[in-house]
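Trainee: Before anything else, here's the structure in question.
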There are 4 protein chains.
Amino acid sequence: MIIHSILGCIKDVAKPDKRKEILRAAVELIAEQGFHGAPMAMIAEKAGVAAGTIYCHFRSRDVLINELYLEIEERITAFLQDGYVVENTIRERFLHLVTGLLRYFIAHPLDFRYMEQFHNSPYGAAFRRDKCLGKSDNNIYMELFEQGVSQRVIQDLPLIVLAALTFGPLISIMRDHTLGFVTLDDRLIEKIAASCWEALRQ
Amino acid sequence: MIIHSILGCIKDVAKPDKRKEILRAAVELIAEQGFHGAPMAMIAEKAGVAAGTIYCHFRSRDVLINELYLEIEERITAFLQDGYVVENTIRERFLHLVTGLLRYFIAHPLDFRYMEQFHNSPYGAAFRRDKCLGKSDNNIYMELFEQGVSQRVIQDLPLIVLAALTFGPLISIMRDHTLGFVTLDDRLIEKIAASCWEALRQ
Amino acid sequence: MIIHSILGCIKDVAKPDKRKEILRAAVELIAEQGFHGAPMAMIAEKAGVAAGTIYCHFRSRDVLINELYLEIEERITAFLQDGYVVENTIRERFLHLVTGLLRYFIAHPLDFRYMEQFHNSPYGAAFRRDKCLGKSDNNIYMELFEQGVSQRVIQDLPLIVLAALTFGPLISIMRDHTLGFVTLDDRLIEKIAASCWEALRQ
Amino acid sequence: MIIHSILGCIKDVAKPDKRKEILRAAVELIAEQGFHGAPMAMIAEKAGVAAGTIYCHFRSRDVLINELYLEIEERITAFLQDGYVVENTIRERFLHLVTGLLRYFIAHPLDFRYMEQFHNSPYGAAFRRDKCLGKSDNNIYMELFEQGVSQRVIQDLPLIVLAALTFGPLISIMRDHTLGFVTLDDRLIEKIAASCWEALRQ
DNA sequence: AATGAATGAGCTTTCATTCAT
DNA sequence: GATGAATGAAAGCTCATTCAT
């Protein structure tokens, strides 16, 4: 019994929560090699667990991949909400969100690469389909766009078009950044954010 | 003699050129299901040929996929060059290219979906890497951006950022269009093109 | 506790160690049908395992085939070393090795057939090439030949020629034996060994 | 008609007999790469004919391979019979045959490699089986062995054993020669032939 | 909860052979 | 006879998932 609890303690220090390790290994591999380059056995190895162990925490590969997506999305949302002041102007808030997103992805390139892989895959397609049916896109961005349109600050275009004008460039640029084709510094980030705003504003 | 020419005619109608059939089947499947959902056997079946026949025309799966990409790229380039007037202003030419691209993809949604799948896959990555090393990006867009920058009509940003500001939104919107989330009509296309211009211009 | 050990016993009898089973099935098939006649699926079936299981134990077909070769070679070496007396005359030791080899192969005809298949195949060629580069042929036979030559008991010919004069006949005869064209009994084995010695001696 | 015969003449000069070309290409490829490395399409290409053309001359791959074997065997027999003097002693005739065989193979290494490939393959096995059933081994060597035994010049061993004592070493040495492990010159050839005789003689 | 050997469906590719021309 | 595009069976190998321990 005593031995047990001692071992328990040791383990509490040494064992960094298998579920987290699995998720960490998965982002890394999928971000770097794509879904193809990340078979379950490899994820397990990188996570330091047995292949079967993954299935103790995730019902299937699909579940793991979707769960991973949701976790990252949550982290991003949290990051963006920090410092988001509802009282600021639409433009200020827009710039906050856009520069924030770029900064988050620059700081967490694996998260960015993962999101990309996810979106451009059957997983992403299925996800979008579900989201669409549920329609519960209570997104921080969408609210902003709606307000902007109703206040005649942003062009009167379908929300989805406004989203495309905003995120399309960001994704493209981030990709170029992760591939080393540009290096985004603060000045460039702000210029890009301003350009995106120009595309939206009335 | 007569029989011959009749047979010839019949063949002209009936013989569907297997190479073309294979390419057609491949775009369709890959566009709709992704690379995963398009194994060689399925492509062959959809093309109405035997599995081995594909290898009479393409050395390997990779070659088929890359060849397909090049063919589509060529078709797009040809389409955009039609009606492109070098004497027009930068803005006019920009709008021609952007609306042209949207119109092409709306008319050929499978081509769009294929390009997307390709770019977001190891194939696309390898392709980009090669292109980068060769650096021979004698692209119609890039020339226009360079001119625009040197004439102080377009903001002085890295070309790659200008490309992102242009194509990023287009890709996003096209994706939404193919998924039925918006319907792009001529009016909307022009508004979007104009917005993209606003993001670029000085 | 008791149950445990009983189960242990049963397992010792019943559990046939898949790796061994695979190797056994592989020798049998390859010896009897050649490499062509031994596809992985057939080996698996004969071993009573699933096709994929082979790859749990051997990284690839090539690895399986080479490993099998090494195992057999080891068994032969062990067999020949048993009863090999360094103090005996060159001739006595030569006869020990030659008759020993024949006896081993007669007792293990599958091993003989496998070795033959292996040597006369790309595997054998690659193997020989590697061995040659490494040159570490610390072979029991070669030592004996060297001694024999330096003591003027064996003709002064290149070692490789001495090897050919020794093993060439043995292989031919063994092949005829396995095909049922001769039956090797002890008397014949000794006569053959003596003949080989006549070919070598000064 | 005239045109036809002229063309015929031209062809007789230009066209080097497709059948021969196919056989030539086949030995070369099979000798150098083994049966695996010589698919029909590759043989056809090397022969400068279409894939289907091979089937105009040989009913199947197996037929081609067996025919090729017979042709080479015939050439060897012809070569050995040249200068074979029935009046000479057994020993003299034996040395003639053995050195002759070595010399033929040294001069035609592709033939040697082909024979080896053939013998160590299902083809060779089947061939031997058939030969055995037919028993029509009216071989020049076998006659000599029989004479030698009946004249008490050669040991009284089964003919097949005598054959093994003779050809076993030759094949081994030839292999080493083609692989560049020894270089056979006239002196060495004669020494080897003499050694083989020592193994046989009473 | 954790393990990892085992599974077997499914993948890409090869190649002897056929047959319309 | 000659062609070569087309065939399709069969090969080696991968990998998500299971399950006895």
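Trainee: Counting other beta carbons within 10 Å of each Cβ, put A:CYS196, B:CYS56 in order, fewest first.
Mentor: Values: A:CYS196 26, B:CYS56 12.
Sorted ascending by nearby Cβ count, the order is B:CYS56, A:CYS196.
Trainee: Under the definition of partner shielding as Cβ atoms of other protein chains within 10 Å of a residue Cβ, what is the mean value for peptide B:118-129?
Mentor: Mean shielding by partner chains, rounded to a whole number: 2.
Trainee: Please report, to two decimal places, log10 I(q)/I(0) for the stretch A:70-200 at q = 0.09, 0.19, 0.20 Å⁻¹ as given by the Debye formula with identical point scatterers on the Cα atoms and no solvent.
Mentor: Calculated log10 I(q)/I(0) at the listed q: -0.26, -1.26, -1.38.
Trainee: Taking Cα atoms, how many degrees apart are the long axis of helix B:140-150 and the longest axis of chain B, rounded to 10 and kept between 0 and 90?
Mentor: 10
Trainee: Among the listed pairs A:LYS191/B:LYS191; A:LYS20/C:LYS18; D:LYS131/D:LYS191, which have their C-alpha atoms separated by more than 24 angstrom in this model?
Mentor: Flagged as over cut-off: A:LYS20/C:LYS18; D:LYS131/D:LYS191.
Trainee: Now for a separate question. Among A:VAL182, D:VAL153, which comes first, second and so on when ranked by fewest other beta-carbon atoms within 10 Å?
Mentor: Details: A:VAL182 19, D:VAL153 16.
So the ranking, lowest neighbour count to highest, is D:VAL153, A:VAL182.
Trainee: Treating the point 7 Å from Cα along Cα-beta-carbon as the label, what are the nm separations from D:TYR55 to the other copies, to one decimal?
Mentor: Spacings between copies for this position, smallest first, are 1.7, 3.3, 4.7 nm.
Trainee: With a cap of 14 neighbouring Cβ atoms within 10 Å, and only residues DSSP puts in a loop, list the trypsin sites (Lys or Arg not before Pro) found in the stretch C:104-188.
Mentor: C:LYS135, C:ARG152
Trainee: Something else about it: When you look at the Cβ of every residue in D:185-198, what mean number of other chain Cβ atoms sits within 10 Å?
Mentor: Details: counts 0, 0, 0, 3, 0, 0, 4, 5, 0, 2, 11, 5, 2, 8.
Mean partner-chain Cβ count within 10 Å for D:185-198: 3.
Trainee: Treat each spin label as a single point 7 Å out from the Cα along the C-beta direction, and report the D:ASP186 to A:GLU190 distance in nm.
Mentor: 9.5
Trainee: Averaged over its residues, how many other protein chain Cβ atoms are within 10 Å of peptide D:169-177's Cβ atoms?
Mentor: Taking all residues of D:169-177 together, the mean is 6.
Trainee: Follow-up question, since we're still on this one. Could you work out the helix-only [θ] at 222 nm for chain A, with each DSSP H run of four or more residues adding -39,500 (n - 2.57) and the total divided by the number of residues, to the nearest 500 deg cm²/dmol?
Mentor: -24000 deg cm²/dmol
Trainee: Let me ask something additional. Going by alpha carbons, how many degrees (0 to 90, nearest 10) lie between the helix axis of B:159-178 and the longest principal axis of chain B?
Mentor: Once rounded, one gets 50 degrees.
Trainee: So, one more: Once each part is reduced to its C-alpha centroid, what is the distance from the stretch B:20-48 to the stretch D:110-181 in angstrom?
Mentor: 56
Trainee: Next question. What residue of chain D sits with its beta carbon nearest the rotation axis taking D to A, and at what distance in whole Å?
Mentor: Nearest-to-axis residue on chain D, with distance in whole Å, is D:HIS36, 15.
Trainee: Taking a cut-off of 41 Å, what percent of all Cα-Cα pairs in the protein assembly as shown are separated by more than that? Numbers along the way, then the final one.
Mentor: Numbers: 187320 of 326028 pairs.
Cα-Cα pairs of the protein assembly as shown separated by over 41 Å account for 57 percent.
Trainee: Another question, then. Between C:LEU70 and the same site in the other copies, what are the distances in nm, shortest first, taking label points 7 Å from Cα along the C-beta direction?
Mentor: Label-point distances to the other copies, shortest first: 4.4, 4.5, 4.8 nm.
Trainee: Using alpha carbons only, how many degrees (0 to 90, rounded to 10) separate the axis of helix B:18-33 from the longest principal axis of chain B?
Mentor: The angle comes out at about 60 degrees.
Each value in this text was obtained by applying a stated rule to the coordinates, not by laboratory testing. What you see is a predicted model, and the numbers here were worked out from it, not measured in a lab. Counting neighbours? That spans all protein chains shown, and the Cβs are built from the backbone with ideal geometry, glycine included.
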